[in-house]
Amino acid sequence: DATCEVTAHPRGMSRDNLFGMSGNVWEWTASWRDVSQAYRTVRGGACLDEATPRRADCRDAHDPSVRSTVFGFRCAKTQ
């Protein structure tokens, strides 16, 4: 699998009319996953993760100082 344009799967649009809420990269969130604030919550699943469901409600935790092609963030704008 590989990443794709956000609008590539219109049937996967959320009920809030949002495209691409999962599947390209794990998206960093502002939430810490632990009290020591060493791990941030990531959501959505990445295209390179075969064993992980690629759903917007899928969550995991990772060290934000580690770089990887499977982590990213969402840029959003109103229309």
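The values are calculated or read from the model by the stated rules, or taken from the named source; none is laboratory data. Here the structure is a predicted model, which means the values were calculated and not measured. Note that each Cβ is placed from the backbone with ideal geometry, even for glycine, and that neighbours are counted across all protein chains shown. Only protein heavy atoms, including side chains, enter the accessible area calculation; ligands, DNA and RNA are left aside. Shrake-Rupley method; radii C 1.70, N 1.55, O 1.52, S 1.80 Å.
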Would you compute the Debye intensity of the chain from its alpha-carbon atoms alone, equal scatterers and no solvent, and pass along log10 I(q)/I(0) at q = 0.13, 0.21, 0.24 Å⁻¹ to two decimals? -0.41, -0.98, -1.19
Given a Förster distance of 25 Å, the FRET efficiency implied by the Cβ-Cβ spacing of D57 and T7, rounded to the nearest 0.05, works out to 0.75
With every protein chain in place, the chain: carbon and sulfur % of accessible area (1.4 Å): 50 percent
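In Å², and per residue, what accessible area does the chain have when probed at 1.4 Å with the other protein chains present?
Accessible area per residue, the chain: 79 Å².
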Assign unit charges at the C-beta atoms only (+1 for Lys and Arg, -1 for Asp and Glu), then state the dipole size of the chain relative to its Cα centre in Debye, rounded to the nearest 20. 260 debye
Within the range 1-50, GluC sites (Glu not before Pro) in DSSP loop having at most 10 other beta-carbon neighbours inside 10 Å: E5, E50
Only Cα pairs under 8 Å and at least 6 apart count here; give the relative contact order of the chain as a rounded whole percent. 27 percent
